[in-house]
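Only one structure is covered here, and it is reproduced in the block below.
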Number of protein chains: 2
Amino acid sequence: MPEHFVIVGGDAAGMSAASRLARSMPRARITVFEREDVVSYAACGMPYHLDARIPNPKTLLIRTPADFAAAGVDVRIGHEVVDVDAVAAKLTVHAAGTRRIEMYDKLLFATGAHANVGSFSTDGVRNVFTFRKYVDMMVLASYLKYARPTDVTVVGGGYIGIEIAEVLTRRGAAVTLVEAAPSLMPGCLDTDVADLVSQELRHHGVTLRLGQPVTQIDVVRRRARRVQTASDAWPCDAVVIGVGVRPATELAVAAGVIIDDKGAIVTDETLRTNIAGLWAAGDCTTTIDLVTGRRTWVPLGPAANKQGRVAADNMSGRSTRFAGVVGTALVKAFELEIGRTGLTGQAAAEAGFDVAVTQITAGDRAPYYPGGNPTVVRLVADRATSRLLGGQVLGRSGAAGRINVIATALHARMGIEQFAGIDLGYAPPFAPVWDPLLVAVNQLMR
Amino acid sequence: MPEHFVIVGGDAAGMSAASRLARSMPRARITVFEREDVVSYAACGMPYHLDARIPNPKTLLIRTPADFAAAGVDVRIGHEVVDVDAVAAKLTVHAAGTRRIEMYDKLLFATGAHANVGSFSTDGVRNVFTFRKYVDMMVLASYLKYARPTDVTVVGGGYIGIEIAEVLTRRGAAVTLVEAAPSLMPGCLDTDVADLVSQELRHHGVTLRLGQPVTQIDVVRRRARRVQTASDAWPCDAVVIGVGVRPATELAVAAGVIIDDKGAIVTDETLRTNIAGLWAAGDCTTTIDLVTGRRTWVPLGPAANKQGRVAADNMSGRSTRFAGVVGTALVKAFELEIGRTGLTGQAAAEAGFDVAVTQITAGDRAPYYPGGNPTVVRLVADRATSRLLGGQVLGRSGAAGRINVIATALHARMGIEQFAGIDLGYAPPFAPVWDPLLVAVNQLMR
């Protein structure tokens, strides 16, 4: 009998693993169980279907179950794994009202994360939405098309909240964005940088309510009509909740897998859990923060894809490692590009570093060359060791891609003197002779 | 008497050093001797004055002698240093027919490089131009305006040749670009990548003649009329020669300073020459190639600026180092952006590495997001150690900025496994979930 690899969850991590296994283990049996109706969808692209930048939602379905079948992967959509028995190496699957037992040799949890909804009940309410799964996008897109809400409140000022605020504004809705913390993207950006993001959103007509936790959503006849904070209340005809996610690890926990304090699965660098035969990858798992060296949980797509491959390699007997992340992320808010990596100044202080921070604004092209824009660079370093700890970059027209240079330096544990010596490319159409990154690090060194 | 710092040469390295000294040594006397009439001009921006992208050439003069005077730097334009006597610590300057002796305490050679003209005599010929100095740009711009040449031959397919070919084509001239080597940017790009640059130039109407050294420029009545190679000849009404530069080190050599086989000054990491009291920075000096560890000569602006600062720091008694370069460069050819860093495959083989090369083409955005373009990434690594040795990136709309990620990895001496694990930023408007850099390194690892 061929070895049976089972993957629970058919998104980024799961399908990356499945593809990798199909290539490396052509004679193995590979089964993916996905409780939803689609696999391998581009979750990060979903906001842009709402403003028709991506007109056809099917283009977000990168590969279909039939594509995977052709590659030798048996994808079972609409199949929910409800129990994993690691001692007997078997699992229980529900599908279309039936219940089946399957045996496995090696199993990967790629169960992702659930959207938080805070304390609000969304069940049965017709105009309160979350935005995590493909079906969430389809439901919201349909509502926008037919109900044409004009006053939309977005709860949560993280990546999703900002992107949703942009696309709904572009559709012509009046958007109110509420964030409980005093600034946008809390934990991701320092306040000084987040304030520039706020400016961009306000400039494009988004009403921001920062530092105001939503206390209640008033529902009348199964429709949200009003949003309340402790000090204020305003009407709405739709609410989108984007207040983060939590690891979907109920199944793994029931199987005896160890999780951390956030509920995410603990693995080693080979993505192995504490239980033989069980691996984990993607948004349901922890990883190492390469800046602090501590275990962390950063549910983002690129790591999920990489982890899927690494888990597959190790499941197939080839030893590879997923070293960790530095927490790089990019987001676009209207014309403003925002990149962040490593520790914010605040996070670095909380982690016990003796923090040095600098923030500069510099042109992203030679000053005499047309089309340049100001770029903001914030760098965070450790005073004791001079090591770079993190960075934030804001700009336009591709300027935020510079965050990847900082990310690479963090992987290399570079000190600021070495960073200041990096031989960055220069030509007037691309950068000034002192790239904004170098302007920033030179100021940090002073 | 205050300490007297003398800087010979008022471009990137010299004026960076002067500015730095003025800040760190406010009580010192700082004199810059520049034999031309301008200082501190943006040489890399000059091509774009020719097609009026930079309409006012004065905007290329970043700072004037008066600006420097206000900062405490005595800039003497039109002053040519003709002798440096390191034993007596004095120098001889010619200016406006007079001859003066000046004493110095510490002297910096920032004498830059001369444009090569090959074996062609350009003296007294009215329509053959080089393009190195500000005055070269003014002369060529004036000629273009009044003589309106329609058939221009550009000799040399390096950075300058490509940029000049672009701007003259945009002005409406029929441009022939001749390069002695079989492909463009020899030594900078591997042939497979250079061929894509050729395609872009041809697509925009540039006639390329590759692998054809120019043997003769026929001059009739002080005007070039025809360009000849061994096998061919064609008419022209102007010729621009961009066949590289050579270090301007005659003065340093006469003073006893050691140069390398290319004629560039040898210094240590503090930019000190072999003679006490004499420093060197910028295009006249060698530096360390951080990939090979060998001494090299890479005359480019960013290093010149950095070296100017480091030399100034050390001249003022503060110990800093210029570690070296990885040879990063960016150039734009019409809509195509070209980035390169480190060793080409060919250079790596010549340096004795056991070379592994991969080249991929991948989208620079998520495939479903509008506006993406294919990006080409070529990576060069050492099979024996798995260390990354170099890279080349071609693309559009900011894609080539990715070269800086490779450059940073080269500074960190990263292996390809670590490079494959870099946590690069992802969001559909910026990049696909597998950035082209990661697609390339994943293929290289296979």
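The values are calculated or read from the model by the stated rules, or taken from the named source; none is laboratory data. A quick note: this is a predicted structure, and the numbers were derived from the prediction, not measured. Cβ sites come from the backbone with ideal geometry, for glycine too, and all protein chains shown count toward neighbours. Only protein heavy atoms, including side chains, enter the accessible area calculation; ligands, DNA and RNA are left aside. Shrake-Rupley method; radii C 1.70, N 1.55, O 1.52, S 1.80 Å.
When restricted to residues that are touching a Lys or Arg at 6+ places or on another chain (Cβ under 6 Å) and more than 10 Å from chain A (Cβ to nearest Cβ), segment B:388-401 contains 1. Just so you know, in segment A:31-59 the residues that are more than 14 Å from every other protein chain (Cβ to nearest Cβ) and surrounded by fewer than 18 Cβ atoms within 10 Å (Cβ to Cβ) include one that is farthest from residue A:92 (Cα to Cα), and it is A:37.
If you filter segment B:380-439 down to residues that are farther than 20 Å from residue B:367 by Cβ and among the acidic types (Asp, Glu), you find that the one that is surrounded by the fewest Cβ atoms within 10 Å (Cβ to Cβ) is B:417.
Scanning for something in contact (Cβ under 8 Å) with a residue 60 or more places away in the chain, open to solvent by 30 Å² or more (accessible area, probe 1.4 Å) and out of contact with any Asp or Glu (no Cβ under 8 Å at 6 or more places or on another chain), does segment A:226-241 turn up at least one residue? Before the answer, list the steps.
Step one: filter segment A:226-241 for residues in contact (Cβ under 8 Å) with a residue 60 or more places away in the chain, giving A:227, A:234-241.
Pick out the ones that are also open to solvent by 30 Å² or more (accessible area, probe 1.4 Å) and you get A:235, A:237.
Among the residues that remain, those that are also out of contact with any Asp or Glu (no Cβ under 8 Å at 6 or more places or on another chain) are: none.
No, segment A:226-241 contains no residue that is in contact (Cβ under 8 Å) with a residue 60 or more places away in the chain, open to solvent by 30 Å² or more (accessible area, probe 1.4 Å) and out of contact with any Asp or Glu (no Cβ under 8 Å at 6 or more places or on another chain).
Looking at residue B:263, is it outside any strand (DSSP E or B), open to solvent by 10 Å² or more (accessible area, probe 1.4 Å), touching a residue at least 24 places away in the same chain (Cβ under 8 Å) and not hydrophobic (A, V, I, L, M, F, W, C)? Against the criterion (outside any strand (DSSP E or B), open to solvent by 10 Å² or more (accessible area, probe 1.4 Å), touching a residue at least 24 places away in the same chain (Cβ under 8 Å) and not hydrophobic (A, V, I, L, M, F, W, C)), residue B:263 does not qualify. When residue A:306 is tested against (1) away from chain B (no Cβ under 13 Å); (2) open to solvent by less than 20 Å² (accessible area, probe 1.4 Å); (3) more than 26 Å from residue A:353 (Cα to Cα), just one condition goes unmet, and that condition is (1).
If you check residue B:348 against the conditions, is it modelled with pLDDT under 95 and open to solvent by less than 10 Å² (accessible area, probe 1.4 Å)? Break it down stepwise before answering.
Numbers: modelled with pLDDT under 95: no; open to solvent by less than 10 Å² (accessible area, probe 1.4 Å): yes.
Criteria not met by residue B:348.
When we screen B:372, B:352 for residues that are within 14 Å of another protein chain (Cβ to nearest Cβ) and small (Gly, Ala, Ser), the only hit is B:372. Within segment B:63-80, restricting attention to residues that are aliphatic (A, V, I, L, M) and not in a strand (DSSP E or B), the residue that is surrounded by the most Cβ atoms within 10 Å (Cβ to Cβ) is B:71.
For segment B:411-434, which positions are more than 7 Å from chain A (Cβ to nearest Cβ), of a type outside the set (Gly, Ala, Ser) and farther than 17 Å from residue A:310 by Cβ?
Filtering segment B:411-434 for residues more than 7 Å from chain A (Cβ to nearest Cβ) gives B:413, B:415-417, B:419-420, B:431-432.
Restricting the remaining residues to those that are of a type outside the set (Gly, Ala, Ser) gives B:413, B:416-417, B:419, B:432.
Selection gives B:413, B:432.
Scan segment A:402-410 and give yes if some residue there is outside any helix (DSSP H, G or I), within 27 Å of the chain's Cα centre (by Cα), in contact (Cβ under 8 Å) with a residue 12 or more places away in the chain and more than 8 Å from chain B (Cβ to nearest Cβ), otherwise no. No, there is no match, as no residue in segment A:402-410 is outside any helix (DSSP H, G or I), within 27 Å of the chain's Cα centre (by Cα), in contact (Cβ under 8 Å) with a residue 12 or more places away in the chain and more than 8 Å from chain B (Cβ to nearest Cβ).
The residues in segment A:370-379 that are more than 23 Å from the chain's Cα centre (by Cα) and either buried (at least 23 other Cβ atoms within 10 Å of the Cβ) or acidic (Asp, Glu) (or both) can be counted, and the count is 1. All of (1) more than 15 Å from the chain's Cα centre (by Cα); (2) over 22 Å from residue B:393 (Cβ atoms) hold for residue B:333 with one exception: (2). If you go through segment A:29-62 and keep only what is of a type in the set (Ser, Thr, Tyr), in contact with a Gly (Cβ under 9 Å, 6 or more places away or on another chain) and assigned to a helix (DSSP H, G or I), you end up with just A:59. For segment B:180-195, indicate whether the set of residues that are hydroxyl-bearing (Ser, Thr, Tyr) and in a loop (DSSP other than H, G, I, E, B) is non-empty. Looking for residues that are hydroxyl-bearing (Ser, Thr, Tyr) and in a loop (DSSP other than H, G, I, E, B), one finds at least one in segment B:180-195, hence yes. Does at least one position in segment B:352-361 carry a residue that is open to solvent by 30 Å² or more (accessible area, probe 1.4 Å) and closer than 30 Å to residue A:47 by Cβ? Checked against the condition, which is being open to solvent by 30 Å² or more (accessible area, probe 1.4 Å) and closer than 30 Å to residue A:47 by Cβ, segment B:352-361 yields at least one hit. Of all the listed residues (A:70, A:28), the sole one being free of Cβ contacts under 8 Å to residues at least 24 places away in the same chain and away from every other protein chain (no Cβ under 14 Å) is A:70.
Of all residues being among the acidic types (Asp, Glu) and open to solvent by 20 Å² or more (accessible area, probe 1.4 Å) in segment A:180-220, which is nearest to residue A:347 (Cα to Cα)? Just the residue, please.
Residues of segment A:180-220 among the acidic types (Asp, Glu): A:190, A:192, A:195, A:200, A:218.
Then keep just the ones that are open to solvent by 20 Å² or more (accessible area, probe 1.4 Å); that gives A:192, A:195, A:218.
Working: A:192: 14, A:195: 17, A:218: 36 Å.
Of everything passing the filter in segment A:180-220, A:192 is nearest to residue A:347 (Cα to Cα).
In segment B:278-291, which residue that is closer than 19 Å to residue B:405 by Cα and open to solvent by 10 Å² or more (accessible area, probe 1.4 Å) is farthest from the other protein chains (Cβ to nearest Cβ)? Here the answer is B:289.
When residue B:16 is tested against the conditions (1) more than 30 Å from residue B:329 (Cα to Cα); (2) open to solvent by less than 50 Å² (accessible area, probe 1.4 Å), the lone failure is (1).
If you go through segment B:314-325 and keep only what is surrounded by fewer than 24 Cβ atoms within 10 Å (Cβ to Cβ) and within 11 Å of chain A (Cβ to nearest Cβ), you end up with B:320, B:321, B:323, B:324. Look at (1) away from every other protein chain (no Cβ under 13 Å); (2) farther than 25 Å from residue A:428 by Cα and you find that residue B:297 fails only one, number (2). Restricting B:86, B:43, B:52 to residues that are at pLDDT 95 or above and among the aliphatic types (A, V, I, L, M) narrows the list to B:86.
Pull up segment A:369-391, narrow it to residues that are in contact with a helix residue (DSSP H, G or I) (Cβ under 8 Å, 6 or more places away or on another chain) and among the basic types (Lys, Arg), then point me to the one that is farthest from residue B:44 (Cα to Cα).
Residues of segment A:369-391 that are in contact with a helix residue (DSSP H, G or I) (Cβ under 8 Å, 6 or more places away or on another chain), as a first pass: A:369, A:373, A:375-382, A:386-391.
Add one more test, that the residue is among the basic types (Lys, Arg), and what stays is A:378, A:387.
Values: A:378: 28, A:387: 33 Å.
Residue satisfying both the conditions and the ranking: A:387.
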